[in-house]
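Undergrad: Just passing along the structure, written as structure tokens.
Where a number appears in this text, it was derived from the coordinates with a stated rule and is not lab data. Keep in mind that this is a model prediction, so the values were computed, not measured. Here Cβ is always computed from backbone atoms with ideal geometry, including for glycine, and neighbour counts include all displayed protein chains.
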Amino acid sequence: MRFRHAAVLALTGWYLISPPSFGDGTFNLDAPLPQWTVWRSFDSAGKCEHDRSVLLEAAGDAKLDDKGAKQSMLKMLCVSADDIRLKGK
């Protein structure tokens with residue numbers, strides 16, 4: 001791998017995103033990614049996936065009363081900041 005290519009990969013950020021809500025506690029999983037909510041940004045995919053797994057574990061906690069929040073956590077994705085799907089059409 002060339003240094004320039006490695007540098008570009010190193011500069012790519014990651015987003016932890018969740019789908020938009022319909023307002024009734026359900027989520028539009030078919031919505032284009034530009035409509036999804038960015039919860040947090042990360043320097044690496046590993047850090048994003050770690051936080052996502054922590055949220056998934058919390059969502060599995062029976063004490064989490066807000067079902068909408070629980071569903072949102074279960075549907076979250078980690079995507080690269082340069083993912084073409086974030087650009088829209």
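Undergrad: Enumerate the amide H contacts of THR12 below 5 Å, restricted to partners 5 or more residues apart or on another chain; note that Pro and chain-start residues carry no placed amide H.
TA: Amide H neighbours of THR12: none.
Undergrad: If you don't mind, there's one more thing I want to ask. What does the charge count around ILE17 come to, taking other residues whose C-beta lies under 11 Å from its C-beta (Lys +1, Arg +1, Asp -1, Glu -1)?
TA: +3
Undergrad: How far, in nm, would the chain grow between LYS75 and SER53 when pulled straight, counting 0.36 nm per residue and subtracting the alpha carbon separation?
TA: Taking LYS75 through SER53 to full extension adds about 6.8 nm, to one decimal.
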